[in-house]
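J.: Submitted below is the structure of interest, expressed as structure tokens.
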């Protein structure tokens, strides 16, 4: 297999999504263990999660290959271009998911393994087909997207408690402004592909903008819950309020302008949010 083919298989696994998932998995593991004490377990957790996430992404590409060919932002992917055969992509995706689930089952625990399998199942077999049926697909898709911190917590502790579910809620809420901004930027593309994204069924954007505002405000509120539970302290509180306030300010600017550029700014600040959140958690618990 040549370098070009390997590169196409890597792209099929959507490495950018994998990296975001690993950040949120790390947050869950760190808070569950209150540090990085079991380095081998952390590494195996990240390896298993990365494999399963990459596999689920490949299967998503497999199921949407016909639609991807219709959209400008996806028509140059490996499957629409014919760089990878569909049956090879299917085998690749299934293999990665099974390998990821197995790694977690044998090196951490069955709970983390089950959660990763559940996330892959919802993402591939519920969220993916629902994109052609209802605009609620974003909310459904936010469920598997919010499971990774649960995986990290479960791998570290072998159980789930209130803090783990707060992390789930933070990720669940964060994904709505993130994906609504993407959907607004590419609404014409999604319309051509037949996807029922909210900005497609709501062309004036009234519901889209309302949802972005509500979920951004909810993110600020939910993110302070760890302070009230005594998990994090004042440094985290100040930092997360500043971070949430910045997210809100960028969102409000987009709601006022409704421009592609300001939607892109919402997308960018959402990408910054997760790694900065991880840094805040680590610094708060380290001092």
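The values are calculated or read from the model by the stated rules, or taken from the named source; none is laboratory data. Remember, predicted model here, so these are calculated numbers, not experimental data. As a convention, Cβ positions derive from the backbone with ideal geometry for all residues, glycine included, and neighbour counts pool all protein chains shown.
J.: Kindly indicate whether residue 219 is closer than 21 Å to residue 137 by Cβ and touching a helix residue (DSSP H, G or I) at 6+ places or on another chain (Cβ under 8 Å).
T.: Working: closer than 21 Å to residue 137 by Cβ: yes; touching a helix residue (DSSP H, G or I) at 6+ places or on another chain (Cβ under 8 Å): yes.
Spelling it out, residue 219 is indeed closer than 21 Å to residue 137 by Cβ and touching a helix residue (DSSP H, G or I) at 6+ places or on another chain (Cβ under 8 Å).
J.: While we're looking at this one, here's another question. Determine if segment 265-287 includes at least one residue that is within 30 Å of residue 33 (Cβ to Cβ) and not in a helix (DSSP H, G or I). Quick ask: steps written out before the conclusion?
T.: Initially, segment 265-287 is screened for residues within 30 Å of residue 33 (Cβ to Cβ), giving 269-287.
Narrowing further to those that are not in a helix (DSSP H, G or I): 287.
Yes, because at least one residue in segment 265-287 is within 30 Å of residue 33 (Cβ to Cβ) and not in a helix (DSSP H, G or I).
Matching residues to (1) in contact (Cβ under 8 Å) with a residue 40 or more places away in the chain; (2) buried (at least 23 other Cβ atoms within 10 Å of the Cβ):
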site	(1), (2)
181	yes, yes
186	yes, no
194	yes, no
200	yes, no
203	no, no
207	no, no
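J.: Related question: Out of all the residues in segment 198-220, is one or more within 30 Å of residue 37 (Cβ to Cβ) and at pLDDT 95 or above?
T.: Let us first name the residues in segment 198-220 that are within 30 Å of residue 37 (Cβ to Cβ), namely 219.
Those left that are additionally at pLDDT 95 or above: 219.
Yes - at least one qualifying residue is present in segment 198-220.
J.: Check residue 252 against each of (1) touching a residue at least 40 places away in the same chain (Cβ under 8 Å); (2) surrounded by 16 or more Cβ atoms within 10 Å (Cβ to Cβ); (3) closer than 18 Å to residue 181 by Cβ and name the one condition it does not meet.
T.: Tallying (1) touching a residue at least 40 places away in the same chain (Cβ under 8 Å); (2) surrounded by 16 or more Cβ atoms within 10 Å (Cβ to Cβ); (3) closer than 18 Å to residue 181 by Cβ, residue 252 fails exactly one: (1).
J.: I would also like to ask the following. For segment 1-23, give me each residue that is assigned to a loop (DSSP other than H, G, I, E, B) and surrounded by 20 or more Cβ atoms within 10 Å (Cβ to Cβ).
T.: If we filter segment 1-23 for residues that are assigned to a loop (DSSP other than H, G, I, E, B), which is where we start, we get 1-2, 13-14.
Within segment 1-23, just 13 meets the criteria.
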